[in-house]
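The values are calculated or read from the model by the stated rules, or taken from the named source; none is laboratory data. Because the structure is a prediction, the values reported are computed rather than measured. Because the Cβ atoms are built from the backbone with ideal geometry, glycine has one as well, and the counts that use them run over all protein chains shown.
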Amino acid sequence: MPRPASTVTDAPRTTEIPAEAARALGAFLEALGARNASPGTIVEYRRNVTDLLTFLARRGADWRAPDRATVRAYLADLADRELAPSSVAGRIAAARSFYRHALRSGAVSANPLAGVRAPRRPSRLPRVLSVEEAEDLVTAPKRRVVRNQLLARRDAAMLELLYATGMRISELAGLSLDRVDRGRRRLRVVGKGRKERELLFGAPASSALEAYLSHGRPELAVDGEDEGAVFLNAAGRPLSVRGARLVVDRWVTAAGGPRAASPHTLRHSFATHMLEGGADLRVVQELLGHANLQTTQVYTHLSDAALRAAYRDAHPRAGRRAGR
């Protein structure tokens, strides 16, 4: 009997998935990569599909054709774990995509997840900083006395660029020197789907970046193994996405910002403040790298004050009492 090919790591994770299921999963992930899915997306799909395959293996169910009762049992298992609706939806979406690919390749004869509905995700608007809160956060490394000035210059450049451009934290961590045009205050990032776009930044971000590149990065890059990355860690290696998140988290705490603030909060704030300042929605869509305009439109709901002001200034009867 062949040895199973893959082992799941989530507890309890002693059950191994069948070799054929592992091969089908590998082919599915390769197909995602061929469609320019990001490394993070591939990791998430691997984890989510493996979660289902392991569940089926523990129950002794054939992964090719689990019956409806087994699928319902899996949904109940997800509910018992008290996962957020968005997490449950992500697992179901990944499993459904996996089986669609397996069906096209002939590995299965039907998609057992077809028609299975995920719980509705709550419609939550992203948290946004006020202009004053955003300014306090991005200028905190310059205003506070810290022991390591090299890292403080790096952190200031990171925070300023995140807010100035609206880029994702992964895009910031992956930024290389050859993609930064310091004279024109522009940079190029590779976003989701490996799509490249150009971003602009203003004088404050330019000043912070120049200070770091002139009197921060050269000292950090002492071993010459930085691979051309803009942002380095204390050991002179390229700063990871996780490391970049920790940098932002530390400064949110140091600046006394909202506890729920995150790198993505700066991205949300960038988009909202751009729209409140009069930027066109499609311009913001391009800068954020959104493929769908509907994704960008969520920020129009956040600009309530600007909406009221625009209505008050534009409508001929906005400032009059009804009936007059």
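Quick check on Ala244: is it of a type in the set (Gly, Ala, Ser), assigned to a helix (DSSP H, G or I), in contact with a helix residue (DSSP H, G or I) (Cβ under 9 Å, 6 or more places away or on another chain) and at pLDDT below 80?
Numbers: of a type in the set (Gly, Ala, Ser): yes; assigned to a helix (DSSP H, G or I): yes; in contact with a helix residue (DSSP H, G or I) (Cβ under 9 Å, 6 or more places away or on another chain): yes; at pLDDT below 80: no.
Judged against the criteria, Ala244 is not a match.
Note on the stretch 92-108: residues that are in contact with a Lys or Arg (Cβ under 9 Å, 6 or more places away or on another chain) and farther than 12 Å from Ala24 by Cβ total 2. Taking the criterion of being surrounded by 15 or more Cβ atoms within 10 Å (Cβ to Cβ) and free of Cβ contacts under 8 Å to residues at least 24 places away in the same chain, the residues of the stretch 24-40 that qualify are Leu29, Leu32. So is Ala305 more than 19 Å from Arg168 (Cβ to Cβ) and either in contact with a strand residue (DSSP E or B) (Cβ under 9 Å, 6 or more places away or on another chain) or modelled with pLDDT of 85 or more (or both) or not? Judged against the criteria, Ala305 is not a match.
Filtering Arg64, Arg46, Arg59, Arg81 for residues that are of a type in the set (Lys, Arg) and within 12 Å of Pro112 (Cβ to Cβ) leaves a single hit, Arg64. Evaluation of Thr253 against the conditions (1) touching a residue at least 40 places away in the same chain (Cβ under 8 Å); (2) farther than 27 Å from Arg35 by Cβ shows that the sole unmet condition is (1). Only helices (runs of 4 or more DSSP H) whose full extent lies in the stretch 42-144 are considered here, and the ones with at least 3 residues that are closer than 16 Å to Ala22 by Cα and not aromatic (Phe, Trp, Tyr) are 85-105. Pro238 passes all but one of (1) in contact (Cβ under 8 Å) with a residue 24 or more places away in the chain; (2) closer than 17 Å to Leu159 by Cβ; which number fails? The failed condition is (2). Residue count for the stretch 220-248 satisfying the condition of being surrounded by fewer than 21 Cβ atoms within 10 Å (Cβ to Cβ) and within 15 Å of the chain's Cα centre (by Cα): 6.
Of note, Gly115 satisfies the criterion of being farther than 15 Å from Phe231 by Cα and at pLDDT below 90. Scoring Arg127 on the criteria (1) within 20 Å of Leu232 (Cβ to Cβ); (2) touching a His at 6+ places or on another chain (Cβ under 9 Å) leaves a single failure, condition (1).
Has the stretch 153-163 got any residue that is crowded, with 18+ Cβ neighbours inside 10 Å, in a loop (DSSP other than H, G, I, E, B) and of a type outside the set (Lys, Arg)? For the stretch 153-163, residues crowded, with 18+ Cβ neighbours inside 10 Å, in a loop (DSSP other than H, G, I, E, B) and of a type outside the set (Lys, Arg): absent. Yes or no: Val230 in the same structural domain as Leu172 (by TED's automatic domain parsing), out of contact with any strand residue (DSSP E or B) (no Cβ under 9 Å at 6 or more places or on another chain) and not acidic (Asp, Glu)? Criteria not met by Val230.
Within the stretch 186-200, the residues that satisfy the criterion of being under 13 Å from the mean Cα position of the chain (by Cα) and surrounded by fewer than 17 Cβ atoms within 10 Å (Cβ to Cβ) are Lys192, Gly193.
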